[in-house]
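Data block below; observations after.
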């Protein structure tokens, strides 16, 4: 038999490496953000660790030998300053990872205008601003952008209306960004976690909530921040070099499970 395939075999292990690349990591201070800082740095990236709390930004930057920056990611002036400083401090920007997102659980009938607007600021506006200024910082050489969405934007959950709507908007923004920025060599993707055992979530749900979510997951455990950081690393790296405009659910299989209890009917 004559083999027809003589295409070169790339260095697949090397494709995950980020040596010499400069990343802005927004929301680096704890949980998924902290793990993402380590994932990027461990693979050779230079990371600007951004958090609204300056002490947390400095703390995580110290862990990964990165740089610290603090400001409000929902403010246009602050985000413009962020990417200007990032370019000056690192000599350019090759990648953006945006972790920011939070919810106040509330019934639809009880939302105030301020609460609705707050959810969209904290879950969508910052991504819009980061995409705008991040793309300008990557002009001429391209790069990758990765955002954290949520399964709440794909399905629904009680008291998640504003959060889910904002995250659904984020996923639409990712698709639009992929189409518009692709010709500039910029890939845009998102990860959609389910329940992740971050410090904030663990404090809210407690042991009972953890057991309930473990029982609901086909994989039999609740996600750890490192599980989400691993997916973010994939999208940031050349392993995903031909992937753009995609949302990857990282939920332990919950989203594809018909809602029978795990022990059957």
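How high is the relative contact order of the range 19-249, in percent, counting Cα pairs under 8 Å that sit 6 or more residues apart? Working shown, then result.
On the way: 443 pairs, mean separation 44.9, N = 231.
Relative contact order comes out at 19 percent.
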Take the alpha-carbon centre of the range 115-151, take the same for the range 61-107, and report the distance between them in whole Å. 10 Å
Identify which of 253, 31, 182 has the largest mean-square fluctuation in a Gaussian network model of the chain, with springs joining Cα atoms closer than 10 Å. 253
Would you please put 143-154, 128-139, 40-51, 10-21 in order of how densely packed they are, using the mean number of other Cβ atoms within 10 angstrom per residue and starting with the highest? 143-154, 40-51, 128-139, 10-21
Take each of the peptides 165-174, 105-114, 74-83, average the number of other beta-carbon atoms within 10 Å over its residues, and list them starting from the highest. 165-174, 74-83, 105-114
What relative contact order, as a whole-number percentage, does the range 39-79 give when Cα pairs under 8 Å and 6 or more residues apart are counted? 35 percent
At 0.36 nm per residue, minus the direct Cα-Cα distance, what do residue 19 and residue 104 gain on full extension? Give it in nm, one decimal, please. 26.7 nm
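Each reported figure results from applying straightforward, stated rules to the coordinates on display, with no laboratory input. Keep in mind the model is a prediction, meaning the values are calculated, not measured. Positions of Cβ are generated from backbone atoms using ideal geometry, with glycine treated the same way; all protein chains shown enter the neighbour counts.
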